[in-house]
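Report on the following structure.
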Amino acid sequence: MDKEIISAVTPGFVSDVALLQAEPQPLEIDRQRTAVLVIDMQNAFVSKGAMYELRGIDISGCQKIIEPIRQVIRASHARGIKVVYIVTRYSSDLREGGSPNSPNWYKGTLTTYHEHPEWGDKLLTRHTWGAEIVRELNPQKDDIVVEKATYNAFFETNLDELLRTYNIKYLLFTGVATNVCVEATIRDAYYRDYFPILISDAAANTGPQFIQEATIFNVKRYYGWVTTSENAVKTIQ
């Protein structure tokens, strides 16, 4: 028996409805109210010789998702779907990271600044190579770039305001890391009444593979839907 189709399209409005094949069930989405989120696809996390690789983190998964993301972006641009880039960036004095009393100083990327200040432009300081989006995914003129300082892209940013300005309801999630910034943002999107959709082959985790599977399980069971880049592109077109 086919799985039940979830339809959360608002009745009575002009819409552009399409059926997205996803888990745990297919989902009807309104393409006019859909946006793609590209999270932290920056040199520091993805490129050779930058922060992640210097810290001994395997970046092969991060590089592997560049092409699926590029295909989703290309289809979105052709359809007029908003593409929103989320980037982690700090001022040179790291003031966005909070005070030294904040746990943010002892977890995640800020620890690298304290341990390896000599890595310089390979980190996430604004206007450096490390903080730039990888060249394969360069934003176009009408794309949106939102800067964040923590894992959650909604926390103390204008992301929610921008999405509501464009009347967005469905969010297609891509980027790194699946189990950190992507999942943190998906959880908050759910709390804010968006419909989160994780594109599993366009998101890469840090750590062992079961971490990726754990996030996929959480999203399917509790926070949204999971699909593939192939299904997303078919639905967008």
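So, of the residues in the range 183-215 that are assigned to a helix (DSSP H, G or I), in contact with a helix residue (DSSP H, G or I) (Cβ under 8 Å, 6 or more places away or on another chain) and β-branched (Val, Ile, Thr), which turns out to be surrounded by the most Cβ atoms within 10 Å (Cβ to Cβ)?
Applying the filter and picking the extreme gives ILE186.
Could you tell me which of the residues TYR190, TYR166, TYR170, TYR194 is farther than 20 Å from GLY80 by Cα and over 11 Å from the mean Cα position of the chain (by Cα)?
On the way: TYR166 fails: farther than 20 Å from GLY80 by Cα; TYR170 fails: farther than 20 Å from GLY80 by Cα; TYR194 fails: farther than 20 Å from GLY80 by Cα.
After applying the criteria, what remains is TYR190.
Would you point out which residue out of ILE73, ILE29 is modelled with pLDDT of 95 or more, assigned to a strand (DSSP E or B) and either surrounded by 17 or more Cβ atoms within 10 Å (Cβ to Cβ) or hydroxyl-bearing (Ser, Thr, Tyr) (or both)?
Answer to the selection: ILE29.
Considering only the range 157-182, state which residues are out of contact with any helix residue (DSSP H, G or I) (no Cβ under 7 Å at 6 or more places or on another chain), outside any loop (DSSP other than H, G, I, E, B) and not aliphatic (A, V, I, L, M).
Result: ASP160, GLU161, ARG164, THR165, CYS181.
Which is buried (at least 16 other Cβ atoms within 10 Å of the Cβ) and in a loop (DSSP other than H, G, I, E, B), of VAL38, VAL87, VAL9?
Within the list VAL38, VAL87, VAL9, the selection yields VAL9.
Consider ARG89 carefully, then state whether it is of a type outside the set (A, V, I, L, M, F, W, C), closer than 29 Å to PRO208 by Cα and modelled with pLDDT of 95 or more.
Taking the combined requirement at face value, the residue satisfies it.
Residue by residue through the range 90-111, note down the ones that are more than 13 Å from LEU124 (Cβ to Cβ) and of a type in the set (A, V, I, L, M, F, W, C).
TRP105
Name the single residue, out of those in the range 132-147 being touching a strand residue (DSSP E or B) at 6+ places or on another chain (Cβ under 6 Å) and either assigned to a loop (DSSP other than H, G, I, E, B) or among the charged types (D, E, K, R) (or both), that is farthest from ALA75 (Cα to Cα).
Per the criteria, the residue is GLU147.
The values are calculated or read from the model by the stated rules, or taken from the named source; none is laboratory data. On a predicted model such as this, the values are computed, not experimentally measured, just so you know. So basically every Cβ, Gly included, is an ideal-geometry build from the backbone, and we count neighbours across all protein chains shown.
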